[in-house]
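The values are calculated or read from the model by the stated rules, or taken from the named source; none is laboratory data. Because the structure is predicted, anything quoted here is derived from the model rather than measured. Glycine also receives a Cβ, built like all others from the backbone with ideal geometry; neighbour counts cover every protein chain displayed. Note: areas computed on protein heavy atoms with side chains; ligands, DNA, RNA excluded. Shrake-Rupley method; radii C 1.70, N 1.55, O 1.52, S 1.80 Å.
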Amino acid sequence: MDLFTPLKFLKGVGPARAALLEAKNLHTVEDLLIYAPFRYEDRSNLKSIAQLAPGEMATVIGEVRSARQMGFRRKSLGLFEVTLSDDSRSVLICKWFHSGYLESVFKPGQRVAFFGKVEFDSYSRELGMMHPEYEILTGDADEDGDAALHTGRIVPIYEAVGKVHTKLFRTLTRRVLDAITQLEDPMPQSIAERLGFPSRLEAVRGLHFPDADTDLRLLNAFRTPAQQRLIFEEFFWLEMGLLLRRATSRLVTGIRFDLNDKVRNRIKEMLPFKPTGAQKRSLGEIAQDMSKPHPMHRLLQGDVGSGKTLVAAQAAMIAMENGYQVAVLAPTEILASQHYLYFRNLFSGLNYVSTMLTGSMTAREKNQIKKLIAGNYVSLVVGTHAILQEDVDFANLGLAIVDEQHRFGVMQRLKMVRKGVTPDVLVMTATPIPRTLALTMYGDLDTSVIDELPPGRKPIVTKHVIEAKVEQVYSFIRREVDSGRQAYVVYPLIDESETVSMKAASKMHEHLSKIVFPDLKIGLLHGKLAAEEKEAIMRQFKAGELQVLVATTVIEVGVDVPNATVMVIEQAERFGLAQLHQLRGRVGRGGEQSYCILVTGKLSDVGRERIRTMVESTDGFKIAEMDLKLRGPGEFFGTRQSGVPGLHFANLLRDQEFLEMARQEAQRMIEQPVLVREYEQAVSWVNANWQRRYGMVEAG
């Protein structure tokens, strides 16, 4: 057996279980060893039933005498009871509320291990446990392994994979560790020794089967020396890969854009207003990158309404004035349309030809546009994923602008780059990214931040209103409309279904049009409309022909109507914090005071925290940090393909100090290696393993 042995050849697995494990990306023995427990239980207090005392935490092994659903008038109690006996001839009563499913789990005659707090059951006059942890001991050696693995010790608890439960993971992991006497340790020895880390084999053993005297609190906080070593190592290789990719990209020969007076004057001609200091600073950083003979790889971060698109337009001007084409990649058709109209208006009168390419266009339209792009008849192309199709050939692509990068993936960014020889890349996002995520997702990019709103903008006032008082909200909308302002009323994407969301919005559109505001002009915008219809409705709203716009989340990004001063978000508890902040950013774009009203039903604790954060803060970075805490890194961007790497040991929230430490060590290893041999071995390991381990594109 070695690390690359497929799990299907491991005793106790077989083809059926191997298929379940593969669905969880567990293919080899090494994958099993890095499948970390998510918590630990101290089951070292193993006693017979007769030895138990009320108030103690203990583990008991016995035989199920009876297992039954208890009869109550209030069926909703769903009380399930198991009576356990052992060789001491005493009985233990174990109970669970709302657990009818246990009828299919427990059967008389089974050997079971229970772990929990011992209490006196006044109903049966016996000792009992409420909601104990349990494991069925089948007597099958392949299932149970060594019984001492599951009781009488500190026990690791793993997330089950189908019918492969925590007990079987314990058995299989022990089987592997008993068979393996050596484990490749690629971490540079000089770093491991300086930081006082155990060897990789010791760390893996300590992760799965900690010593009896290990502090349980440290284990569950993932702060034992073994766990710290594995967390650091995971971050170290991630950062090594990102920094090597960054260093390699700066060695590639790229386009050296000329920044002469003609380019500067053309940019001044185009500007609709005087840029903010932050916009000037960001453009300066971008222009400096573009003037170098290596491809630019830069992330432009800016809160909603901060003017990122204007900075991107200036970068586009530099490329186009140098005779190159520019591609702008947007995640949705409505945002692509917004960008296209914005760029076209900015560049009108400057003799640049702009076009748009989206998936909803007819085959004939697409073919015509592709010919224009390939023939160098257009300077700027705005589009959705349709731009990434293999048959879209650019004649002379010099700059690729990717908007809302988290909606795409790292691979799609690479596809965009490959449309040119070595184009510069500008990645934009209006989702403020906490530093820990930026280091792991965009560690290969230089960063510019627009942290200043255009002058004259007033902070948006945010209020929370419960559904029962929604009439007050309608009265407020009426007052604003009577003052010549406009309002949005937004509905969530319900159950990820645009159709259901559209129906909810359509129903409310009818209610507002016929009953609440029969004298007002009210528009309806949702994802099921054709691109031309969406554009027409937005044009009407922008022109003031519609006073209220009822919409689904299609207006989340890219919509800019300065006269709109009210954003009402219905069922706000269904939205994530980042999305609420994005929607709020659709107002407050003119000189008048703007308002965001969050209408909610019953709130959970997390929902209450979300709403409180929105009411108290308009700082996108603070909101993003809270969003990351409430939802966790996996859900922060909603999709796995967003470029967040798959981490086995490390947690971006819990382990921020290890991420910073790992990045510093990786930088030192690349810039000032202690031993050249260690550096060469580290680079070799990254190139061989990085893509497989982190699910991202190759490092260098």
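Summary of values
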{"read-out": "Residue within segment 279-300 that is open to solvent by less than 10 Å² (accessible area, probe 1.4 Å), farther than 18 Å from Leu380 by Cβ, in a helix (DSSP H, G or I) and at pLDDT 85 or above present", "value": "yes"}
{"read-out": "Some residue of segment 352-360 being touching a strand residue (DSSP E or B) at 6+ places or on another chain (Cβ under 8 Å), among the hydrophobic types (A, V, I, L, M, F, W, C) and touching a residue at least 40 places away in the same chain (Cβ under 8 Å)", "value": "no"}
{"read-out": "Residue satisfying all of: in segment 350-370; within 22 Å of Ala319 (Cβ to Cβ) and of a type in the set (A, V, I, L, M); surrounded by the most Cβ atoms within 10 Å (Cβ to Cβ) among these", "value": "Met356"}
{"read-out": "Looking only at segment 52-82, and only at residues there that are modelled with pLDDT under 90 and part of a loop (DSSP other than H, G, I, E, B), the one that is most open to solvent (accessible area, probe 1.4 Å)", "value": "Arg73"}
{"read-out": "Meets criteria (in contact with a Phe, Trp or Tyr (Cβ under 8 Å, 6 or more places away or on another chain) and either at positive phi or open to solvent by less than 70 Å² (accessible area, probe 1.4 Å) (or both)) for Leu168", "value": "no"}
{"read-out": "Subset tally (residues that are within 33 Å of the chain's Cα centre (by Cα) and under 16 Å from Tyr35 (Cα atoms)) for segment 9-18", "value": "3"}
{"read-out": "Residue selected from segment 578-608 under the condition among the basic types (Lys, Arg) and in contact with a strand residue (DSSP E or B) (Cβ under 7 Å, 6 or more places away or on another chain), by the criterion nearest to Thr462 (Cα to Cα)", "value": "Arg584"}
{"read-out": "Flag for Gly109 being touching a Pro at 6+ places or on another chain (Cβ under 6 Å), more than 19 Å from Leu32 (Cα to Cα) and modelled with pLDDT of 85 or more", "value": "no"}
{"read-out": "Single residue of Arg200, Arg174 found to be within 30 Å of Val683 (Cβ to Cβ) and among the basic types (Lys, Arg)", "value": "Arg200"}
{"read-out": "Given (1) closer than 15 Å to Val402 by Cα; (2) among the hydroxyl-bearing types (Ser, Thr, Tyr); (3) without any contact (Cβ under 8 Å) to a residue 12 or more places away in the chain, index of the condition Ser348 fails", "value": "(1)"}
{"read-out": "In segment 244-278, residue farthest from Pro423 (Cα to Cα) [restricted to those that are touching a residue at least 60 places away in the same chain (Cβ under 8 Å), open to solvent by 50 Å² or more (accessible area, probe 1.4 Å) and of a type in the set (S, T, N, Q)]", "value": "Thr248"}
{"read-out": "Members of segment 666-697 found to be touching an Asp or Glu at 6+ places or on another chain (Cβ under 8 Å) and either surrounded by 15 or more Cβ atoms within 10 Å (Cβ to Cβ) or not polar (S, T, N, Q) (or both), listed by number", "value": "Ala666, Met669, Trp690"}
{"read-out": "Complete set of residues in segment 544-587 that are at pLDDT 90 or above, small (Gly, Ala, Ser) and either part of a helix (DSSP H, G or I) or open to solvent by 10 Å² or more (accessible area, probe 1.4 Å) (or both)", "value": "Gly544, Ala572"}
{"read-out": "Only listed residue being loosely packed, with under 15 Cβ neighbours inside 10 Å and in contact (Cβ under 8 Å) with a residue 40 or more places away in the chain, chosen from Phe4, Phe38", "value": "Phe38"}
{"read-out": "Subset of segment 213-243 (residues that are among the aliphatic types (A, V, I, L, M), assigned to a helix (DSSP H, G or I) and open to solvent by 20 Å² or more (accessible area, probe 1.4 Å))", "value": "Leu216, Leu218"}
{"read-out": "Segment 446-457: number of residues that are at pLDDT below 85 and not acidic (Asp, Glu)", "value": "5"}
